[in-house]
Amino acid sequence: MTESDIEFIFNGEPINAVQGETILTAAKRHGHEIPHLCYNDGMEAVGNCRACMVEIEGERTLAASCCRQPSTGMKVNANGTRAVGAQKMVMELLLSDMPGSQYTIDNELQSWVDKLNVKQPRFKSRTKLETDNTHPAIEVSLDACIHCTRCLRACRDLQVNDVIGLAGRGSDTRIVFDMSDTLGQSTCVACGECVQACPTGALMPSGGVGKVQPDKTVDSVCPYCGVGCLLSYHIKDNKVLHVTGRQGIANQGRLCVKGRFGFDYINHPERITKPLIRRDDIIKTAELSLDPSNPLAIFREATWDEALDVAANGFKSVLKEQGKYALAGLGSAKGSCEEAYLFQKLIRTGFGTNNVDHCTRLCHASSVTALLEGVGSGAVSNPMKDVTKADVIIVIGANPTVNHPVGASWMKNSIKQGTKLILMDPRRSELVRHATHFVQFKPASDVALLNAMMNVIVTEGLVDINYVEKHTEQFAELESHLQNYTPQAMESICGVDADEIRATARLYATADNAMILWGMGVSQHTHGTDNARCLISLCMITGQIGRPGTGLHPLRGQNNVQGTSDVGLIPMVFPDYQRVDSEAKQARFQKLWGVDYLDDKVGLTTVEMVNKAYDGIIKGMYIQGENPAMSDPDVLHARAGLAKLQHLVVQDLFITETAYYADVVLPAAAHPEKTGTYINSDRTVQLGRQAVSPPGDAKQDWWIIQEISRRLGLSWNYSGPKEIFNEMRQAMDSIAGITWERLNSESVTYPCPVENDPGKPVIFTDGYPTSSGRAKLVPAGIVPPDEQPDDEYPFVLITGRQLEHWHTGSMTRRAHILDSLEPDPWVAVNTRDALRLGIEDGIVIELYSRRGRIETEVRLSDNSPEGTVFMPFCYYEAAANELTNAALDPQAKIAEVKYCAVNLSIGS
Amino acid sequence: MKKKNSRQKRGRTLDKFALEELKQILGSDPRRRDLLIEYLHIIQDNYNCLPVKYLHALAVELNISQAEVYEVASFYHHFDIVKEGDKEPPVLTVRVCDSVCCEMVGAQDLIKNLQRILSDDVRVQSVPCVGRCDSAPVAVIGTYPIAHATVEKIQQGVSSNTISDNPPAKAIRMHQYLEQGGYDLYHRLKSQSFDIEAILKTLEDSGIRGLGGAGFPIGRKWRIVKSQASPKLMAINIDEGEPGTFKDRHYLEQDPHRFLEGMLIAAHVVGIASIYIYLRDEYAGIRTLLQQELQELQSHYADLPPIELRRGAGAYICGEESAMIESIEGKRGMPRLRPPFVAEVGLFGRPTLEHNMESLYWVRDIIEKGADWFSSHGRHDRKGFRSFSVSGRVNKPGVHLAPAGITLTELIDEYCGGMLKGHTLYGYFPGGASGGILPASLANTPLDFDTLNEHGCFIGSAAIIVLSDHDSARATATNAMRFFMHESCGQCTPCRVGTIKATELMTQEYWDKGLMQELCTVMTDASICGLGQAAANPLQCVLRYFPQEINQ
């Protein structure tokens, strides 16, 4: 008990409450349970159910213990006749209206009814309400609703999706979606927070899964975006019944539609369960003609031994005939750190080159390049959730409500508490509604806009001189470079009023704590590195870094893109960003890996590999969990490159577009079928645990990689992920202090160089890991996009993702709920353009560029500005990347998939 | 052109034309979230209903969610939400009160007959008390009230298109009030160094208590709010909706400035930054009057605090002080849990002085005439006077200013011209529908704050509904419970579910007294606000005082 504690009498015994604690929570802490329904940890207490009534001496009526804070000496009685009478009568009233059958085995009302021994209700039941099963993910049975508003608070206070309302009044009081629409027709984004919050099963995952008693519950981490939400799989008969969020640093129990409802891809009938070898009679063609449900049209089944032998022998013959530079490997940001670590180790020690990369190249390569150059580290300075500590947030080139939904929820929470959002994007998004400033700049004019903001900061004396002098270098160069970038001069280039540029610059620069978060809108350009350089400089000259709620956060797209980059799945560096061309680092890894040679030549990047395949230089590739035949820019060219390969081994869950070109397909285990570590966007290392066993002969990736390595003459003998992780600790100082055992009980944010180090969510608190210890300010000039619209191709195509689908859709389009929510390809066309061209919502149009032509449905939308169209790239039947431009950023080698010239025509 | 239809479309598409229309009718003032209900009124007034396309547009315009607009609109019964494809309501609505007094004199038959006789383009709605119980039964055509309504009167009104209420003709207007020395006190208070402490003391000494029903001493309330941090706000409750109550309307129809001067004095003494007047939607004539007089007042005094007149939208619960605050903020009128009290955390989170209209109405007189002037009144050891809204079976129903502590017998005999011919006193509601029902045997109990507690009743807003041997306590209590069921905000279980279950139990021929008693106890003990806590009073009184009416 501390001095500020409040002592009060509870059921005759003195107990203490800490400041701000309610009677209910204080009692709970002392082991006394008071019945409650509308109260839910982590939500605002509203006291509407009246189940937690207690008697307070001297008060006329009973009090709701969930809302009332005790005062010193207050005498509270929760188990007297009067209080218990009210508690029981409340339960009886609610119970009387419950339907005959239960929708959940975890009905909190029923459990209190049992505990309080409430008898059969003596009141007539209300009229039966119809179940709303219009939504693929969530079943709504309001006949079990007790109006506790936990769903509403989940939807509005926590996730801030603002779909659920409490409408009507009196006996007509009811939970509604939007304007009393069916859930399926509402704007619900199916985060399922309401389902998790509902105490009575009125909102449940569809399909009656809540009524099934699971065999077990396995704690794991979400397989989708970089937020890194922790979750629990509820398992019955080796199948995932449903998923719930659990308390993780990044998510605090929250999930989004993908994490909560997108798990059954692992049971999809197209899952490959046996190793496959290409049939001798099937010749590779560049043109994709794929039926993933019928792999035997292209392949024949094989034993693991045969398939592994064929896979390895193919690599060996390329090695023998064309040499090591004819081989390359593409790993995946979706797999674990251990898998990525083994994969890069295999390429480096088995193939003998640094020709290893993964989709980070198409994602944040430019951000990482600029960050490594500027601040000496490619990771975020602060966790995403730090937005709740910021006064101003800049979100630029990102659509977090779609791509990082739980991360976005923290932003929205923060904004509700008064934080100001500056949203900078050519496209409108859901966050516009929450923004103080929506700066809608012209596509690809980031540098002009950001330089103009810095010009304002420099000319108006808003530079944090102390910080600049102490922690940065080359400020003078930047300052003189910025002279010409006045807001007036940039106004016409970026399409933003000079005054608006000034206002946002001032707001950011003068904020106590400000964070910048950015996404692919910044990185996926030929000037992506320049864009990121500007953001870094903007942050540095205002000293908005190194404190909680203050810093830089490139929003990482995939669940483990941070981890796979960290463990060296990139061609320039060994694990922990140690340069392959450094003799010292080479020595370190030769020693660790027990080899006497490691190539010092920086390897090929993702797009380069496939280009070299097209050119006949790369002859053999090992692709694990990656799908360049969908994700590469100018994908028809990429496919043609893959088709030319002499030997391609693909390791995946399905016959992906890439597997179509394979000689050997190795069936791998899916995320819930394996154990390993994953590092989220916040640098937090988290453990994913195996929840179900892989189907058929599918094997875990680490095992497959090890089997290949052995056939290439390496003598690996790992027993499993833990042993691999322990080797990684020796290779990577940043995680050296993290033990496997610790990960079993908690997530740890690196750097954590020694055991028992708590980890470091906020870095750059005092200087930078650069050679000078200072951040380097690198000026950036305006570089136009590689391909500009013209008369022939007058529209700009912006590609991206959508909430329900992830990356190339190989998983999410096979998750039945996600697929039924978004089954077909679509392109967003601005309403004015549509009006001009006579295009109606829902029609199918042709979209074409200099590189390809696809057919897709139109959605009229004002989210994309006039003259631009937007399309998600996850649809194989209309692959947006058939149109995109493969022009690369010169430093980072990232492709400009956010900008190319297209045209559209109404189909016949 | 090919069309695909495999995906269910989610979310409605914004109707841009509706958005443009909406912007037109809302005008060019900056949009304010707290004016949501006012905006809904504008839409309803323009389109005779709330088509969802405008609600969607309003959500976009206010930068809030559709759900937020819908839940507010659907809370208030004067709004008619029309979804895509649904039929719009008829242009004209005739509202017939079916609360206690009106039902006693045949409202149900009137409703049935009107529904049969009036054409389809007129909607007949039974509505809760419209605050004209002294002329029951009452109907309202559009906004035009019909006293002692009959089918013929209503038919005539409909056919002559008499559908808009006018400001009360006899009201003392600004210039008259000024001529009669009005605002002199306020003027002196502002210009001279008037002793504010003396004013507070006068109010305290007079013993005047809040006249909305709760009876909190006015002087003490001013002192409490005065001590809070600025900015402090003031909210005035003219949501007079307690069945049987019409005193606020009565005073406003006669002398609105006496109230407004009291309001300004309070604002000055307490240090109020802004004033919000919440007037029930049913008082359309008074709304026009107050709009006109506030404009006069504001042009007369340049330095008044901002005064906003807000319009209720058909929700009895908004007469509850914290529900009213929610409503002024543009939300559903759901009472707040206390603590904190509104004096500390009220409107927009600021310390708030909340008053019933009548409480302010007497301020000028008490200060001018002294504390004794007020406290010298009273009978049976009680002090002051009360404005009794009397309705039911008496010869002269209406507002009677009578000494506090007067008994019902005295009130009927001295002020109401006795019982109606052929009627014998049977019982009475001493404080509107929520105050309970007393039998004739308790007609000699002093009527004032606190005096009725031992009898399971309270005086509340001093709305006396007199029942005779022609009436049934059980029927009127059932009417009251149905009213509470209808008017419950729906927030808490004991009230939302309790009023429904109680109504069901009360409409059974045989009463389960034990279960009813248990239910009454939880409603009284565990409801969030006064509505739920008092809703059981009439039922409990029937159980206690009128056993002869109960089949067990």
* Can you give the extra length, in nm with one decimal, that the chain gains between A:Glu477 and A:Glu866 once fully stretched, where that is 0.36 nm per residue apart less the Cα-Cα distance? -> 136.3 nm
* For the stretch B:490-517, list residues with backbone N below 20 Å from a point placed 7 Å from the Cα of B:Glu549 toward its Cβ? -> B:499-517
* In degrees, nearest ten, helix A:405-416 long axis to first principal axis of chain A (Cα) -> 60 degrees
* Asked: ³J(HN,Hα) across the stretch A:519-526 via Karplus (A = 6.51, B = -1.76, C = 1.60, θ = phi - 60°), whole Hz, x for Gly/Pro?
  -> x, 5, x, 7, 7, 7, 9, 5
* Asked: What residue among A:Thr812, A:Ile277, B:Gln156 has its Cα farthest toward the positive end of the dipole of the protein assembly as shown, where the charges are +1 on Lys, Arg and -1 on Asp, Glu, each on the Cβ?
  -> A:Ile277
* To do: Would you tell me the mean number of C-beta atoms belonging to other protein chains that fall within 10 Å of each C-beta in A:86-92, as a whole number?
  => 6
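When DSSP beta bridges are limited to those with both residues in the protein assembly as shown, what percentage is antiparallel, rounded to the nearest 5?
Numbers: 82 of 158 bridges.
Roughly 50 percent of the DSSP beta bridges within the protein assembly as shown come out antiparallel.
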* To do: Treating each Cα of the stretch B:338-492 as an identical point scatterer and ignoring solvent, apply the Debye formula and state log10 I(q)/I(0) at q = 0.15 Å⁻¹.
  => -0.90
* Structure fact -> Rounded to one decimal in nm, the spacing of the 7 Å Cα→Cβ label points at A:Glu460 and B:Glu368 is 5.6 nm
* Of the options A:Asn79, A:Gln110, A:His135, report the single residue whose Cα projects farthest towards the positive end of the charge dipole of the stretch A:21-141 (beta-carbon charges: Lys, Arg +1; Asp, Glu -1). => A:Asn79
* To do: Binning at 10 Å from 0, report for chain A what percent of all alpha-carbon pair distances ends up in each bin.
  => 2, 12, 20, 24, 20, 13, 7, 2, 0, 0
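Express in nm, to one decimal, how much length is gained between A:Ala498 and A:Asp41 on full extension, taking 0.36 nm for each residue of separation and deducting their alpha carbon distance.
159.9 nm
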* How far is it, in nm, from the label point at B:Arg116 to the one at B:Glu509 when both lie 7 Å from their Cα along the line to the Cβ? -> 2.6 nm
* To do: Towards the positive end of the charge dipole of the stretch A:377-508, with charges on Cβ (+1 Lys, Arg; -1 Asp, Glu), say which of A:Asn455, A:Gln440, A:Val496 has the farthest Cα.
  => A:Gln440
* Asked: Relative to the first principal axis of the alpha-carbon coordinates of chain A, what is the inclination of helix A:446-459, with its axis defined by its Cα atoms, in degrees from 0 to 90 and to the nearest 10?
  -> 70 degrees
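Dividing the Cα radius of gyration by the Kirkwood radius, what Rg/Rh value follows for the stretch A:771-908?
Numbers: Rg = 17.2 Å, Rh = 16.3 Å.
A ratio of 1.06.
Of the listed peptides B:419-427, A:727-735, A:46-54, what is their order by residue-averaged count of other C-beta atoms within 10 Å, with the highest listed first? Walk me through the numbers on the way to the answer.
Working: B:419-427: 16.6, A:727-735: 19.9, A:46-54: 28.4.
So the order, starting with the most tightly packed, is A:46-54, A:727-735, B:419-427.
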* To do: Quick one: dipole size for the stretch B:10-86, taken about the Cα centre, charges +1 on Lys/Arg Cβ and -1 on Asp/Glu Cβ, in debye to the nearest 20.
  => 280 debye
* To do: Go through the stretch A:264-271 residue by residue and turn each phi into a ³J(HN,Hα) via Karplus (6.51, -1.76, 1.60, θ = phi - 60°); whole Hz please, and just put x for glycine and proline.
  => 8, 4, 5, 9, 5, x, 7, 4
* Which whole number gives the average count of other chain Cβ atoms within 10 Å of the Cβ atoms across peptide B:523-535? -> 4
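Quick one: putting +1 on the C-beta of Lys and Arg, -1 on the C-beta of Asp and Glu, what dipole do you get for the stretch B:72-149 around its Cα centre, in Debye to the nearest 20? Each step should come with its number before you reach the end.
Values: 7 positive and 10 negative charges, 22 e Å.
Taking the Cα centre of the stretch B:72-149 as origin, the dipole is about 100 debye.
In whole percent, what relative contact order does the stretch A:311-462 give with Cα contacts below 8 Å and a gap of six or more residues?
Details: 151 pairs, mean separation 19.2, N = 152.
For the stretch A:311-462, the relative contact order is 13 percent.
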* What dipole magnitude, in Debye to the nearest 20, does chain A give about its Cα centre under +1 on Lys/Arg Cβ and -1 on Asp/Glu Cβ? -> 1660 debye
* Asked: Rule-of-thumb check for the stretch A:436-581: C-alpha Rg over 2.2 N^0.38 Å?
  -> 1.12
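Per-residue Cβ counts within 10 Å, from other chains only, averaged over B:482-489: what number is that?
Details: counts 0, 0, 1, 2, 4, 2, 5, 5.
That average works out to 2.
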* Structure fact -> Counting only Cβ distances under 4.7 Å between cysteines, those in chain B with no partner are B:Cys49, B:Cys129, B:Cys318, B:Cys416, B:Cys457, B:Cys489, B:Cys492, B:Cys495, B:Cys520, B:Cys529, B:Cys541
* **Quarter of Cα convex hull surface for the stretch A:506-579, i.e. mean projection, nm²** => 6.1 nm²
* **Rounded FRET efficiency, nearest 0.05, which uses the C-beta distance separating A:Asp114 from B:Lys83 and R0 of 56 Å** => 0.85
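Taking the number of other C-beta atoms within 10 Å as the exposure measure, put B:Cys529, A:Cys188 in order starting with the fewest. Let's see the in-between values first.
Values: B:Cys529 22, A:Cys188 26.
With the sparsest Cβ surroundings first, the list reads B:Cys529, A:Cys188.
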* Could you give the semi-axes, largest first, of the ellipsoid that matches the stretch B:501-552, computed as the square roots of 5 times the alpha carbon gyration tensor eigenvalues and rounded to whole Å? -> 20, 11, 9
* To do: Could you compute the FRET efficiency for B:Asp109 and A:Asn79, with r as their C-beta to C-beta distance and R0 at 56 Å, rounded to 0.05?
  => 0.60
* Structure fact -> As straight-line cross-link partners of A:Lys324, the qualifying aspartates and glutamates (C-alpha separation under 18 Å, not fewer than 8 residues apart within one chain) are A:Asp357, A:Asp581, A:Asp596, A:Asp599, A:Asp600, A:Glu608, A:Asp615
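Based on other C-beta atoms within 10 Å, arrange A:Glu21, A:Glu287 from fewest to most. Numbers along the way, then the final one.
Values: A:Glu21 17, A:Glu287 9.
Neighbour counts put them in this order, fewest first: A:Glu287, A:Glu21.
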* To do: State the Cα centre-to-centre distance between the stretch B:1-80 and the stretch B:197-212 in whole Å.
  => 46 Å
* In 5 Å bins starting at 0, how do the alpha-carbon pair distances of the stretch A:160-246 split up by percent? -> 3, 12, 18, 21, 18, 13, 9, 4, 2, 0
* To do: May I have the pair-distance distribution P(r) for the stretch A:13-121, computed from all Cα-Cα distances with 10 Å bins from 0 and rounded to whole percent?
  => 14, 46, 30, 8, 1
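Stokes-Einstein D for chain B at 20 °C, 1.002 mPa s, Kirkwood Rh over Cα pairs, in µm²/s? Could the numbers behind the result be given before it?
Numbers: Rh = 24.5 Å.
Answer from the Stokes-Einstein relation: 87 µm²/s.
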* Asked: Amide H of A:Gly543: which non-local residues (sequence gap of 5 or more, or other chain) have their own amide H closer than 5 Å, using H built in the peptide plane?
  -> A:Asp464
* Cut-off under 5 Å, modelled amide H: who pairs with A:Phe299 long-range -> A:Arg279
* Asked: Taking a label point 7 Å from the Cα of A:Ala584 along the Cα→Cβ vector, which residues of the stretch A:559-575 have an amide N closer than 18 Å to it?
  -> A:573-575
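Between A:Ser317 and A:Arg300, what length in nm is gained on full extension when 0.36 nm per residue of separation is reduced by their alpha carbon distance?
My answer for the length gained is 3.9 nm.
Pull out a ≥ b ≥ c, the square roots of the eigenvalues of the alpha-carbon gyration tensor of the stretch A:281-386, then state rounded if a/c is under 1.5, prolate if not and a/b is larger than b/c, and oblate in the remaining case. Could you put the intermediate results ahead of the total?
Values: a/c = 2.35, a/b = 1.72, b/c = 1.37.
Prolate is the answer for the stretch A:281-386, as a/c is 1.5 or above and a/b outweighs b/c.
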* Asked: Between Rg and the Kirkwood Rh of the stretch B:170-257, both from Cα atoms, what is the Rg to Rh ratio?
  -> 1.00
* **Karplus-derived 3J(HN,Hα), 6.51/-1.76/1.60, for each residue of the stretch A:535-542, Hz, glycine and proline x** => 4, 5, 5, 4, 5, 5, 6, 9
* What FRET efficiency do you get for B:Arg123 and B:Leu420 if R0 is 35 Å and r is their Cβ-Cβ distance, rounded to the nearest 0.05? -> 0.60
* Asked: Got a sec? Which residues in the stretch A:762-801 would a label at A:Asn484 touch, if it sits 7 Å along Cα→Cβ and we count backbone N under 18 Å?
  -> A:778-785
* Using modelled amide H (1.01 Å from N, peptide plane; none on Pro or chain starts), what sits under 5 Å from the amide H of A:Thr149, excluding residues fewer than 5 places away? -> none
* Structure fact -> Going from the fewest other Cβ atoms within 10 Å to the most, one would list B:Tyr415, A:Tyr265 as B:Tyr415, A:Tyr265
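What order do you get for A:441-448, A:268-275 when each peptide is scored by the mean count of other beta carbon atoms within 10 Å, highest first? Can you show the working numbers first?
Details: A:441-448: 23.4, A:268-275: 17.8.
Result, highest mean first: A:441-448, A:268-275.
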* To do: Restricting things to alpha carbons, tell me how big the stretch A:327-425 is in terms of Rg and Dmax, in Å.
  => 17.7, 55
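Every number in this text was worked out from the coordinates using simple rules, so none of it is lab data. Here the structure is a predicted model, which means the values were calculated and not measured. Here the Cβ is made from the backbone with ideal geometry for all residues, glycine too, and neighbour counts use every protein chain on show.
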